Amino acid sequence: MGESMPADVEPRRPPLRQRETRPRRFLLLVARHAVLIGLALMFALPLLFMVLQSLMPISQAKTTAMWPSHFEWGNYREVFDRVPLATYFVNTLKVCALATIGTVVSCVPVAYAFSHLQWRGRTAVFVLVLSTMMLPYQVLFVSQYEIFTSLGWINSILPLTVPAFFADAFSIFLLRQFFLTLPPDVLAAARVDGAGEFGVLARVVVPMAKPGIMAVAIFQFLFSWSDFFGPNIYLADERSLTLAVGLVRLNTALAKTGESNLTMAASVAFVVPILFVFFFAQKVFIEGVTLTGTKG
Amino acid sequence: MLALLSPWLIGFFVFILYPIANSLYWSFTVKRYGQPARWVGLGNYRLLLDNPDLALALKNTVYLALVGLPIRLLIAILCASLLARPRRGNGAYRLMFYVPSVVPAVASGALFFFLLKQGGPIASGLDLFGVEAPLWFRDPAWAKPALIMVGTWALGDVMLIFLAGIVDIPRSLYEAIELDGAGRWARFRHVTLPMISPVIFFTLLTGMIGVLQSFDQAFVFSQAVRKGRLTGEPDGSLLTYAMLQLRYFQDGRIGIASAMAWVMFLITLLITGAMLASRRRWVHTAAGDQ
């Protein structure tokens with residue numbers, strides 16, 4: 001916990017330095033890295049085991065072996081043969097793309113109204129928006145299901161994408177946080193030049209708030225990619241499933257046979273695109289998570 | 001203004017307000033999809049009240065909230081405070097600690113089902129130390145700890161939020177307390193903790209609501225143990241509140257599923273209200289803060 005102390009950063013901080021002699025400081029450094037490396041292993045090893053298991057030949061997968069005797073890349077082909085993973089991929093991508101577009105298109109104007117415009121009741125309505133963030137999905141789906149059934153949307157991706165076009169609280173909140181960092185003068189100047197609110201939004205706010213919009217888009221993408229509860233309710237037909245549902249069914253089916261190498265191969269295929277997105281957009285991503293925790 | 005707000009307004013009425021009101025009405029009825037609802041007054045609630053499954057689901061969910069959530073938050077604070085000051089290597093550690101939290105819940109569920117299985121990597125690892133691994137998914141006493149383990153593995157997002165909170169603490173506060181000769185623990189206890197108490201408040205509140213919804217990994221585990229009805233195998237130890245509600249939903253008992261939704265709604269309100277009320281007593285507010 002001592003790392004919350006500032007002493008090591010700036011050389012001119014005296015009190016601690018004087019007390020901590022050189023060997024003691026060295027020991028602390030070693031202890032600190034020992035703890036950090038231990039933690040890092042706990043976080044990283046599961047993923048390593050996932051990859052290793054996915055490459056194990058079946059004869060070995062059922063034993064206690066941890067390292068594959070040879071890398072069985074055929075596992076990946078086999079799992080794609082056994083379940084229509086490619087179809088799941090396409091379905092998942094469709095859901096993600098549409099939900100992401102919907103979220104961005106609907107949340108940007110709303111977040112703008114809550115950040116740079118003054119109107120009566122703004123605070124009250126914003127509190128209402130925030131309070132809906134607390135609502136568990138379980139409270140809503142029982143009744144939403146009937147709406148979607150009556151529209152004939154079951155077994156389609158519509159229940160998973162259409163609501164995204166109606167602005168969710170979390171994305172509004174996050175976008176607003178980004179919008180608030182924009183200098184009001186620039187927006188005011190655009191208004192003086194005769195731009196209407198939609199003009200200011202399209203020509204000034206959106207270009208300046210690109211990192212924020214990216215963050216919201218990435219979060220929605222990851223949410224849709226990972227979501228299990230919704231697809232599990234609305235998709236029943238084998239060909240309509242998303243990867244998350246497909247993976248759970250595979251895991252359930254193969255738990256009996258012990259073919260964990262195939263389950264792990266499917267998991268790797270499911271996780272790698274997300275890790276790719278994450279590493280690609282790390283900075284935007286981390287800034288987004290950090291902003292979630294700060295108050296508006 | 002209305003034009004800008006319209007996406008949210010429409011969504012609020014159609015996808016939030018109407019469903020809440022509708023499920024309130026249904027919760028007083030016997031209802032199946034495609035059939036008219038039949039009024040039964042408090043019947044569903046009474047049925048829930050002496051339903052052993054509901055008691056079990058609540059017990060499991062409370063366990064996750066009182067044991068799992070504090071563990072997750074404590075380790076996240078520990079990780080964040082280890083990494084708060086800019087030092088060589090911290091970027092790499094931060095990345096490694098964070099990555100598990102982007103892994104989808106069902107994937108980490110499948111992963112830990114494999115890691116914890118009999119003869120799996122964790123059992124082999126424990127074996128090295130001469131410790132016999134428990135039967136995580138057979139033994140009702142060990143299934144929830146397994147669930148908590150996966151949740152703790154994915155603490156990266158909470159850690160980042162704490163990290164931001166700690167980095168924001170003015171250095172002068174530490175200097176002041178060091179002049180008084182405070183040690184590490186005192187610095188943490190009297191500066192770091194109070195200064196990040198708003199962040200703790202936020203993560204506790206969102207964490208509680210998250211726990212109330214916990215489903216994905218419990219579902220992955222229990223279905224792998226025994227496929228079929230949502231009973232939360234082994235022996236109902238993984239039956240969460242959300243899982244029980246889904247069971248009633250899938251059985252077509254929409255009235256009871258709606259009553260459970262409303263109870264969940266009320267619990268959420270209660271938790272939020274209680275936490276807001278307790279806020280003044282333990283959450284530090286700086287001048288200018290709201």
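Things to note:
- With a 10 Å cut-off around each Cβ of A:141-152, the average count of Cβ atoms from other chains is 6.
- Cα→Cβ-extended label distance, 7 Å offset, between B:M1 and A:R249, nm: 4.9 nm
- Relative contact order, percent, chain A [alpha-carbon distance under 8 Å, six or more residues apart]: 28 percent
- Three-way shape label, segment A:95-245, alpha-carbon gyration tensor, a/c 1.5: prolate
- Label-to-label distance, A:T149 versus A:L45, with points set 7 angstrom from Cα along the beta-carbon direction: 4.8 nm.
- Here is what passes the span test in chain A: the DSSP H helices with alpha carbon length of 18 Å or more along the helix axis and a Kyte-Doolittle mean of 1.0 or above are A:22-54, A:85-115, A:210-226, A:243-257, A:260-280.
- Paramagnetic reach from B:L9 (point 7 Å along Cα→Cβ, amide N under 17 Å) across segment A:198-214: A:198
- For the residues of A:120-127, the average number of beta carbons from a partner chain within 10 Å of their own beta carbon is 1.
- Once the C-beta distance of A:K62 and B:L126 is scaled by a Förster radius of 22 Å, the resulting FRET efficiency is 0.65 to the nearest 0.05.
- Residues A:D185, B:D168, A:D168, ranked from the fewest to the most other C-beta atoms within 10 Å, line up as A:D185, B:D168, A:D168.
- Computed over chain B, the percent of Cα pairs more than 35 Å apart is 34.
- Taking one quarter of the surface of the convex hull spanned by the alpha-carbon atoms of chain A gives a direction-averaged projected area of 23.4 nm².
- Relative packing of B:129-142, A:132-145, B:84-97, which averages over residues the other C-beta atoms within 10 Å, highest first: A:132-145, B:84-97, B:129-142
- Segment B:3-54, relative contact order [Cα under 8 Å, separation at least 6], %: 22 percent
- Distance between modelled label sites at A:Q282 and A:T257, nm, 7 Å Cα→Cβ extension: 3.8 nm
- Helix B:140-153 and the longest principal axis of the Cα set of chain B meet at an angle near 50°.
- Acute angle (nearest 10 degrees) that the helix B:69-82 long axis makes with the longest principal axis of chain B, alpha-carbon atoms: 30 degrees
- Full extension of the chain segment joining B:L173 with B:L204 gains 8.7 nm, where the gain is 0.36 nm per residue of separation less the Cα-Cα distance.
- Nearest-0.05 FRET efficiency for B:R229 and B:A274, computed from C-beta distance (R0 41 Å): 0.75
- Estimated FRET transfer efficiency (B:H284, B:A92; beta-carbon r; R0 45 Å; 0.05): 0.90
- Mean partner shielding of peptide A:38-51, defined as the number of other chain Cβ atoms within 10 Å of each residue Cβ, is 6.
- In percent, rounded to a whole number, the relative contact order of chain B is 29, using alpha-carbon pairs under 8 Å and six or more apart.
- Among B:F114, A:F43, the order by Cβ neighbours within 10 angstrom, fewest to most, reads A:F43, B:F114.
Values in this text are rule-based calculations from the coordinates and carry no lab data. Only a predicted model underlies this, so the values are computations on that prediction, with no experimental measurement involved. In this analysis, Cβ positions are derived from the backbone assuming ideal geometry, glycine residues included, and neighbour counts consider all displayed protein chains.
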